[in-house]
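The values are calculated or read from the model by the stated rules, or taken from the named source; none is laboratory data. Predicted model only: the values in this text are computed from it and were never measured. Backbone-built Cβ (ideal geometry, glycine too); neighbour counts: all protein chains shown.
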Amino acid sequence: MTLILISLKKKFIPSLPFGPVAVVWGLFGDSPKIVRVLLSTPEVSAKDRVSKLYPHSETSSCAEIDGVATAIEAFLKGDDIQFSLDAVQMSICSSFQQSVLRLEHQIPRGCVSTYQLIAGYLGNQKGARAVGNALAHNPFPIIIPCHRAVRSDRLLGGFQGGLTMKRALLIREGISFDDAGRVLAPGFYYDKKTLNTGFTLDLETVADI
């Protein structure tokens with residue numbers, strides 16, 4: 001096996017509603033690809049996270065990365081942005097995680113699914129925990145909107161940016177909650193009943209999973 005070392009670079013997006021975001025990227029061939037998006041949490045800034053995880057990365061950017069960073073900033077300020085997976089280096093993920101992330105990427109703004117439903121769609125009815133773990137380690141939060149997956153009991157589950165951020169993002173996208181913090185939604189994406197009531201899937205993308 002040939003080990004290819006990539007010189008990683010970082011770009012910070014400051015002054016966002018939930019704290020700064022760090023985009024870590026590198027050149028794969030001639031193509032700039034994102035390998036991590038690091039969110040701030042109430043406890044740790046994205047700047048501190050990237051310094052710890054990628055201490056040798058240098059601050060740099062290019063037109064393609066600037067474009068994604070601008071879109072992330074717009075998304076976190078409330079704009080309806082659909083990100084392309086062309087910007088990220090999916091090959092750093094296992095084949096299973098790639099399958100989960102591609103399904104998650106299909107969930108549109110204003111909709112949610114559950115870890116259990118995503119597992120079932122992949123053919124493993126008992127795979128909710130594995131799906132949850134795959135999303136918990138999503139290298140590309142926001143670009144792949146893992147905040148749109150919740151537990152089967154409609155509670156939030158987890159999120160790299162913290163549950164306050166996850167709830168705020170969902171509320172901004174039109175999702176409501178009851179007094180116990182459970183999602184109020186007429187249906188879930190990837191539920192067979194839901195798919196017959198107006199939701200559509202990109203079948204070409206799903207067929208590749």
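Would you be able to say whether some residue in segment 32-51 is among the basic types (Lys, Arg), assigned to a strand (DSSP E or B) and under 24 Å from Gly162 (Cβ atoms)? Yes: segment 32-51 contains one or more residues that are among the basic types (Lys, Arg), assigned to a strand (DSSP E or B) and under 24 Å from Gly162 (Cβ atoms).
Of the helices (runs of 4 or more DSSP H) lying entirely inside segment 129-209, those containing at least 1 residues that are within 13 Å of the chain's Cα centre (by Cα) and at pLDDT 95 or above span 163-172. Take Ile72 and decide whether it is buried (at least 19 other Cβ atoms within 10 Å of the Cβ), assigned to a helix (DSSP H, G or I) and on the phi < 0 side of the Ramachandran plot. Yes; evaluated as a whole, the condition is true for this residue. Could you tell me whether segment 33-44 includes any residue that is surrounded by 20 or more Cβ atoms within 10 Å (Cβ to Cβ), of a type in the set (Gly, Ala, Ser) and within 14 Å of Pro139 (Cβ to Cβ)? The answer is no; no qualifying residue exists.
All but one of (1) outside any helix (DSSP H, G or I); (2) surrounded by 18 or more Cβ atoms within 10 Å (Cβ to Cβ); (3) in contact (Cβ under 8 Å) with a residue 40 or more places away in the chain; (4) outside the structural domain of Val131 (by TED's automatic domain parsing) hold for Cys111, so report the exception by its number. Failing condition for Cys111: (4).
When Glu73, Glu104 are checked against the criterion of being in the same structural domain as Lys192 (by TED's automatic domain parsing) and under 30 Å from Arg154 (Cα atoms), Glu104 stands alone in meeting it.
Is it fair to say Ile13 is touching an Asp or Glu at 6+ places or on another chain (Cβ under 6 Å) and touching a residue at least 12 places away in the same chain (Cβ under 8 Å)? Taking the combined requirement at face value, the residue satisfies it. For segment 49-63, filtering for residues that are farther than 11 Å from Lys11 by Cβ and in contact with a strand residue (DSSP E or B) (Cβ under 8 Å, 6 or more places away or on another chain) leaves 3.
Here is a check on your reading of the model: is Ile144 closer than 21 Å to Lys192 by Cα, β-branched (Val, Ile, Thr) and in contact with a helix residue (DSSP H, G or I) (Cβ under 6 Å, 6 or more places away or on another chain)? No; evaluated as a whole, the condition is false for this residue. Scanning segment 13-31 for residues that are assigned to a strand (DSSP E or B) and more than 21 Å from His147 (Cα to Cα) gives Trp25, Gly26, Leu27, Phe28, Ser31. Screening Ile144 against (1) without any contact (Cβ under 8 Å) to a residue 24 or more places away in the chain; (2) in contact with a His (Cβ under 6 Å, 6 or more places away or on another chain) leaves a single unmet condition, (1).
In segment 87-101, the count of residues that are closer than 15 Å to Tyr189 by Cβ and either assigned by TED's automatic domain parsing to the domain that holds Gly187 or aliphatic (A, V, I, L, M) (or both) is one or more.
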